[in-house]
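Engineer: The structure under discussion is supplied below as structure tokens; questions concerning it will follow.
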Amino acid sequence: MDPSVYIETSVISYLISLPSRDLVIAGHQQSTYLWWSEARAKFSCYISPFVVDECKRGDEQAAQKRLSALSGITLLNLNSDIEALAEIYFKAIQIPEKARADAFHLAIATHYKMQFLVSWNCVHMVSGRVRKILEAENTKLKLITPTICTPEELMEV
């Protein structure tokens, strides 16, 4: 069975957005495109209603492209256990209210025992501080923490 990966919205945004003039962002966009086209098929991929909702926002044409990219990816359902777990993460990580959905992305990936959560959100997900807090909370709850990483880090799986 292929490794499981929860794809967070920022990956879709980097995949679909126009090439950036910022060299770092352009590099991330290229890495995302390579992962999507060459490595993604090695994974069982999953998204959540939060990813779909976030992809619908903004420019209508860009939103349509983001939604098209989601075609064929398995949609995971929400439940009360995920909501409770997201609340724990929200408080422990001290995520701002405007980014509350980030706690849900982490909770969904954990609840469904994803092996990986792939994201470019290096503030509330792909950071050493968040990983440490998430692992501590999940240890207390006897839950397995997914490996949280960028598309670049998943090229070799």
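The values are calculated or read from the model by the stated rules, or taken from the named source; none is laboratory data. It should be emphasised that the depicted structure is a prediction, and the values quoted were computed from it without experimental measurement. So basically every Cβ, Gly included, is an ideal-geometry build from the backbone, and we count neighbours across all protein chains shown.
Engineer: Can you tell me which residues in the range 109-125 are in contact with an Asp or Glu (Cβ under 7 Å, 6 or more places away or on another chain) and among the hydrophobic types (A, V, I, L, M, F, W, C)?
Structural biologist: Across the range 109-125, the qualifying residues are Leu117, Val118, Met125.
Engineer: Could I ask something else about it? Using the structure shown, decide if Phe90 is modelled with pLDDT of 95 or more, in contact with a Pro (Cβ under 7 Å, 6 or more places away or on another chain), surrounded by 19 or more Cβ atoms within 10 Å (Cβ to Cβ) and of a type outside the set (Val, Ile, Thr).
Structural biologist: Criteria not met by Phe90.
Engineer: While we're looking at this one, here's another question. Tell me, which residue of the range 8-50 that is touching a helix residue (DSSP H, G or I) at 6+ places or on another chain (Cβ under 7 Å) and of a type in the set (A, V, I, L, M, F, W, C) is nearest to Ala103 (Cα to Cα)?
Structural biologist: Per the criteria, the residue is Phe50.
Engineer: Right, next: Within the range 106-155, how many residues turn out to be without any contact (Cβ under 8 Å) to a residue 40 or more places away in the chain, part of a loop (DSSP other than H, G, I, E, B) and either among the acidic types (Asp, Glu) or closer than 25 Å to Leu34 by Cβ (or both)?
Structural biologist: 5
Engineer: Residues that are loosely packed, with under 15 Cβ neighbours inside 10 Å and free of Cβ contacts under 8 Å to residues at least 60 places away in the same chain: which helices (runs of 4 or more DSSP H) entirely in the range 6-68 hold 3 or more of them?
Structural biologist: Of the helices (runs of 4 or more DSSP H) lying wholly inside the range 6-68, those with at least 3 residues that are loosely packed, with under 15 Cβ neighbours inside 10 Å and free of Cβ contacts under 8 Å to residues at least 60 places away in the same chain span 23-34.
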